[in-house]
1. So which residues in segment 261-286 are within 26 Å of LEU155 (Cβ to Cβ) and in a helix (DSSP H, G or I), if there are any at all?
2. Given the criterion assigned to a helix (DSSP H, G or I), modelled with pLDDT under 95, within 19 Å of the chain's Cα centre (by Cα) and under 27 Å from LEU247 (Cβ atoms), identify the matching residue among LEU135, LEU155, LEU176, LEU140.
3. Show the residue pairs that are 6+ apart or on different chains and have beta-carbon atoms under 9 Å apart, the first residue being within segment 92-105 and on the phi > 0 side of the Ramachandran plot, the second being in a loop (DSSP other than H, G, I, E, B).
4. So which residues in segment 237-257 are surrounded by fewer than 22 Cβ atoms within 10 Å (Cβ to Cβ) and within 21 Å of the chain's Cα centre (by Cα)?
5. Mind checking which pairs have a first residue in segment 160-174 that is in contact (Cβ under 8 Å) with a residue 40 or more places away in the chain and a second that is assigned to a helix (DSSP H, G or I) and of a type outside the set (A, V, I, L, M), Cβ under 7 Å, 6 or more apart or different chains?
6. Residues that are modelled with pLDDT under 65 and either part of a loop (DSSP other than H, G, I, E, B) or surrounded by fewer than 20 Cβ atoms within 10 Å (Cβ to Cβ) (or both): does segment 89-99 have at least one?
7. Here is a list of conditions, (1) in contact with a Pro (Cβ under 7 Å, 6 or more places away or on another chain); (2) of a type in the set (A, V, I, L, M, F, W, C); (3) exposed (fewer than 14 other Cβ atoms within 10 Å of the Cβ), and LEU182 meets all of them except one; can you say which number that is?
8. Filter segment 212-260 down to residues that are under 14 Å from GLY200 (Cβ atoms), in a loop (DSSP other than H, G, I, E, B) and of a type outside the set (S, T, N, Q), then give me how many there are.
Amino acid sequence: MTTQGWWPWESAPTSPLPADPYPGGPGQEPAWPGGPPASDEAYGALPRRRHRWLFRITVTVLVLVLLGLLGLGALLLFTPSVSDAPARAQAIDQQHHVAYPGPPVPYRFAAALVSTEDHRFYSEPGIDPFAIARLVEGRLTGRPDQGGATLYQQLAKMLYVPGQSGLMVEAEEVGLGIKLDLTYSKTQVLQMYAAVAYFGHHYYGLAAASCGYFGVTPPRLSWPQAAMLAGLMQAPSADDPIGHPALGRARQAHVLQRLVATGVLTQVQADQAYQQPLHLVGGPPGACGAAP
């Protein structure tokens, strides 16, 4: 005999409430990983853990920034002054029988060079933090060098540490690059760079390369010619358009696409430039006359 309550509804066998959605069973709180909290204070443990993690991440980032600033300060302190950069450029040109200073860098070559070698040139402080981050990541992970040295760092290498390599040399180039930016204008840096760069085929300096390859002075360079010369910076001997025409044309195409990517040329203009003849002559470096 079953016992019933005093009121009729007390004997109802089932409840009209929907099934308990929580896995802990009817009438229980939701299950917690590792069991329910022992007290009300445990409910605040997760927010406190999040705050600790955020604090640790913030401290780590600040420490890394501080170490970076200290390292940068050390580079600026121990790298030499760049006040003699023009004198060093002149000495290099005299060694290769090239007049210094060279002519001003014309727009087409400057645009092609910046687009393919250092597209942040006009806004960066002598170094590219994004490129440095990629370089550090590559060193830590063992990935191949992705490049990314700014035009300032490339100029520093040509003037101060030619033919040298290694981590310490790269660090010195960073410090020298910052000093070059602080000491000289963008125009002066481009002019020194163009004056001492090697363009392959025994041509040193933009004026010699322009005259030697195409028989024209730098201001007369067409877009395809300027793109060809700018592309030679990466591997001037391997991409020499006279000795290795296929590789030279491949680099030219790459530079034209970089000009499209940076908004200097449209795709149609780049395609048309690639189809234009280069008029290679391969003459002596002083074969062209004065610019008009």
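1. If the condition is that a residue be within 26 Å of LEU155 (Cβ to Cβ) and in a helix (DSSP H, G or I), then ALA261 is the only one that fits.
2. LEU135
3. HIS97/PRO285
4. ALA253, HIS254, GLN257 - these are the residues of segment 237-257 that are surrounded by fewer than 22 Cβ atoms within 10 Å (Cβ to Cβ) and within 21 Å of the chain's Cα centre (by Cα).
5. VAL174/GLN153
6. Scanning segment 89-99 turns up no residue that is modelled with pLDDT under 65 and either part of a loop (DSSP other than H, G, I, E, B) or surrounded by fewer than 20 Cβ atoms within 10 Å (Cβ to Cβ) (or both).
7. Status for LEU182: all satisfied but (1).
8. Adding up the residues that qualify gives 11.
The values are calculated or read from the model by the stated rules, or taken from the named source; none is laboratory data. Note that the structure is predicted; figures quoted are calculated from it, not measured. All Cβ positions, even for glycine, are placed from backbone atoms using ideal geometry, and neighbour counts span all protein chains on display.
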